[in-house]
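No lab work stands behind these numbers, since they all come straight from the coordinates. Owing to the predicted nature of the structure, the values given are computational and were not obtained by experimental measurement. Here the Cβ is made from the backbone with ideal geometry for all residues, glycine too, and neighbour counts use every protein chain on show.
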Amino acid sequence: MASKPFTPEETRSIVQSLQKPAVFLNMTADWPALQWTVEHLSSRLTERMRFRIGKRTADSAPLFETDCSYIDATLKEFLCWTAKDGESNVGPFSAYHNKEFWAYADYKYIAQLFQDKPAMFKDVVWSDFGFPGRDGRDSTLWIGTQGANTPCHLDSYGCNLVFQVQGRKRWHLFPPDDTSCLYPTRIPYEESSVFSQVSVVHPDQKKFPAFRRAQVHTVTLKPGQVLFVPRHWWHYVESLDPVTISVNSWIEMDMDDEARVGEALTKTIVCALKSAPSLNNDDQWLNPTEDGVSSHDENMQYLNLAIKACMDKKRDNTEGSSLHSEQPRVGSGKRDYSGQIKTSVSDQSPSFVIPFGPHLIPVICEVHLAHKPRCTCLKDTSCCRHNDFLLCQSRPQSQDKPDKDEPRGENEYCQSLGQHAYQETGSAGTSDGPAGGAGVYISTNDLLECMVHPDVITLVTRLLMCRQRELNS
């Protein structure tokens, strides 16, 4: 077996330095998990697992997990259903024609799936990426049919490494700066995810006008390749082949204590408002991935613990810097859950250059293709491709600056929210809304969209922290 293009230490440095998505090639050829076809797994996994079912449509609204159907079936039944040409009479799948519906076994924790076969954990070798001891136990398995998809969302914590095993998946990624263009929502609620109200593949441009400025980065991930998704990058994923399998590992290498407080605050607000009896509070707001609704007391306890942990760490860092003001304190800085010091981008050597080339491909913005920019490839060609990934990194500056009179995304977001509230009532007043007057009805979800807006959560988090400092001074 030929040596890998990067050592574990080099790969970890790359991952810690990347600010945009990128694809690693030629790193997994010797991973046993590359042989995890559905046929192979169906012989190893005989217990039933939950599949999410969705209809193959081109709607201008996202299909959230709360809107899907769910069945329990074995992988053998799943394999038989996918093999049927125009038939659906396969056990639990009998109600779903395989030409009209897709199926997805997603978020399956490998530690639970193979708890009686721990040797299979070693088939996934994340240690090659500079994370010693990390393997299948720290990963999730995703098995789907063509059309299976994950709604566009961002993960609140950490970053992701995605290993494609079988079939191809198309990734649509958006940078954190595009958040206002994606109309974020916390309904359905999932603790570590923020969803987009936009169907990014079939967007409703009239309802979501700011989306036209979103900078979509697309890539088709193939078997053996590993995609790195940085923290807070939005992503929508769709399966392209009859059967696809991928293994995801969520890396908490850039966890932020203030972000923990923000998530605890968000959960407290969402659960408090959505758990309250109300005429317009009857939607399926809790994502199926959540175990259940926590009580207000539990959420407040979690919020207090998050604030205390953040305060303690800030105090430790302050005391350490004052005691050793002349010398940097060894071991200071942020740590991950295992207690290891986290290396930030600024910790890297100024001379460190990310080695893009045939073994590491940047995921580019689609606008690059549309405007045919100057190519900055490593190869001496005018516009070259390696493994179907275009190695261009430039973008016209005019795309970065909107026209002088063009409304900003945040304003359009607010306008859209108000229009949405008005359209829901369809009149200047309803039986459960205000009588007469301005013709605007604010629902619980409308209120939540404003209260848990990232800027609002950040402000309230800092106010809470300031209050605690004053009380403890």
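Available extension along the chain between ARG315 and ALA111 is 69.8 nm, counting 0.36 nm per residue and deducting the alpha carbon span. Each peptide in 289-302, 10-23 receives the mean, over its residues, of other Cβ atoms within 10 Å, and ordering these scores from highest gives 10-23, 289-302. Note on region 8-251: Cα Rg divided by 2.2 N^0.38 Å, N the number of residues, gives 1.01. Pairs from the table (LYS76/LYS99; LYS108/LYS274; LYS108/LYS313; LYS20/LYS206) lying more than 23 angstrom apart at Cα are LYS108/LYS274; LYS108/LYS313; LYS20/LYS206. With the simple spin-label model, which puts each label point 7 Å out from Cα in the Cβ direction, the THR37 to GLU290 separation comes to 4.1 nm.
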